[in-house]
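The values are calculated or read from the model by the stated rules, or taken from the named source; none is laboratory data. As the structure is a computational prediction, the values presented were derived from the model and not from experiment. Cβ sites come from the backbone with ideal geometry, for glycine too, and all protein chains shown count toward neighbours. Quick note on the areas: whole protein, heavy atoms, side chains included, nothing else; ligands and nucleic acids left out. Shrake-Rupley method; radii C 1.70, N 1.55, O 1.52, S 1.80 Å.
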Amino acid sequence: MSRVAYVNGRYVPFAEARVHIEDRGYQLGDGVYEVCEIRDGAFVDERRHLDRLGRSLSALRIEMPMPLSSLRYVLRETVRRNRVTDGLLYLQVTRGVARRDHGFPETPVKPALVVTVRALDRKKIAASARAGISVITLPDDRWGRVDIKTIGLLPNVLARQAAKDAGAKDAWFADEEGLITEGASSNAWIVTREGVLLTRPSSNRILTGITLTVIKEVAASLQIKVEERAFTVAEAKAAAEAFLSSATQTVMPVVAIDGIPIGSGEPGPVTLRLREAFHRQAEIGPRIV
Ligand code: PMP
């Protein structure tokens, strides 16, 4: 089955998908993106992802590339043409193609839209979740508006690579006070020894994950106490459990931080309950493929 990408109005074979060299995403990182899980042939939390896309775009004063109903059609059609039942949808909107200049184009240009779909190996992710993953911590050297989901991800790229180089799976950023902000492409959580679930409150220092928002609801339904407060690296290392959340990994147990085992050194019971219950709380759309 050959892959198909949607690029500025056309469905094209993946190998031939191209954007212009003066696309402002390519030149300046002037764009935003979303990643949505596809599970059993349906979108998970599509509405919330599209709402956040709208917020990211308006923060950068980029227009929606098309009306929402048309966008939703394009997303479905891209999934359909790729026949992916378990995987992820990636969508990117940039300010468009214009002569390179830092300021916005004086004559407005059409925002550029790219959509791709990729299959994910659910069994492999589940195996990872059974074992748990390790993370390292790093100083958060990103810009001050990481609440906007921009494609400018260089510090995240370097953090993920530093984790790989250290033999870990991912990296968690810590601010100047030693408080964890979030992961390189995820939100960070711990369960204290008192059984309280902690995650950092929304601010311009984190991207408020859609998965994070749903997990708060899952925790409420399971009567797990949630406190939205920042926690230090030291608190995380002394926690009973830790995990990260993202659309592609949902709830992923973290069993070591900077080489220190967390709790028993195995995925914790609260973490696993949240993981197990997640898709019952998420908004699952109608089946597409
Ligand atoms: N923070 C960052 C920096 C991310 O890149 C992501 C994943 N895109 C998240 C948090 C988690 O967001 P979501 O749950 O919506 O995938």
(request) Using only Cα atoms, tell me the angle between helix 68-82 and the longest principal axis of the chain; keep it within 0 to 90° and round to the nearest 10. (result) 80 degrees
(request) Whole Å is fine, so just give me how far the alpha carbon centre of region 119-149 lies from that of region 158-176. (result) 9 Å
(message) Given the options Ser70, Val115, Leu60, identify the residue whose Cα lies farthest towards the positive end of the charge dipole of region 4-120 (+1 on Cβ of Lys, Arg; -1 on Cβ of Asp, Glu).
(response) Ser70
(request) Equivalent ellipsoid semi-axes for region 4-120, as square roots of 5 times the alpha carbon gyration tensor eigenvalues: give them largest first, rounded to whole Å. (result) 25, 16, 11
(request) Give me the distance between the Cα centres of region 1-21 and region 78-101, rounded to whole Å. (result) 9 Å
(message) Taking just the alpha carbons, could you work out the radius of gyration and Dmax for the chain, both in angstroms?
(response) 19.3, 60
(request) Can you send over the carbon and sulfur percentage of the accessible area for the chain, probe radius 1.4 Å, protein chains only? (result) 53 percent
(request) Run down the lysines and flag those whose C-alpha is under 29 Å from the C-alpha of Lys124, throwing out any fewer than 8 positions away in its chain. (result) Lys149, Lys164, Lys169, Lys216, Lys237
(message) If you count only protein heavy atoms with a 1.4 Å probe, what accessible area per residue comes out for the chain, rounded to a whole Å²?
(response) 48 Å²
(request) Could you please state, rounded to a whole Å, how far the C-alpha centre of region 44-73 is from the C-alpha centre of region 188-250? (result) 26 Å
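Let me spell out the model: positive unit charges on the Cβ of Lys and Arg, negative unit charges on the Cβ of Asp and Glu, origin at the Cα centre of region 69-119. What dipole size does that give, in debye rounded to 20? Spell out each step's value before the answer.
Numbers: 10 positive and 4 negative charges, 38 e Å.
My answer is approximately 180 debye.
Just to check, using Stokes-Einstein with a Kirkwood Rh over alpha carbon pairs, what's the diffusion coefficient of region 109-184 at 37 °C and 0.692 mPa s in µm²/s? The partial results should precede the final answer.
On the way: Rh = 14.6 Å.
This corresponds to a translational diffusion coefficient of 224 µm²/s.
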(message) Going 7 Å from the Cα of Val226 along its beta-carbon direction, which residues of region 143-186 have the amide nitrogen within less than 17 Å of the resulting point?
(response) 182-183, 186
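For a quick protection proxy, order the peptides 168-181, 236-249, 66-79 by their average other-Cβ count within 10 Å, most packed first. Intermediate results must be reported in sequence, preceding the final value.
Numbers: 168-181: 18.9, 236-249: 22.8, 66-79: 15.6.
In descending order of packing, they fall as 236-249, 168-181, 66-79.
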(request) Determine one quarter of the surface area of the Cα convex hull of region 75-223, which equals its mean projected area, and express it in nm² to one decimal. (result) 12.8 nm²
(request) Please work out how much length the chain gains when fully extended from Phe14 to Glu235, using 0.36 nm per residue of separation minus the C-alpha to C-alpha distance, in nm with one decimal. (result) 75.0 nm
(message) If you fit an axis through the alpha-carbon atoms of helix 122-131 and take the longest principal axis of the Cα set of the chain, what angle between them do you get, 0 to 90°, nearest 10?
(response) 30 degrees
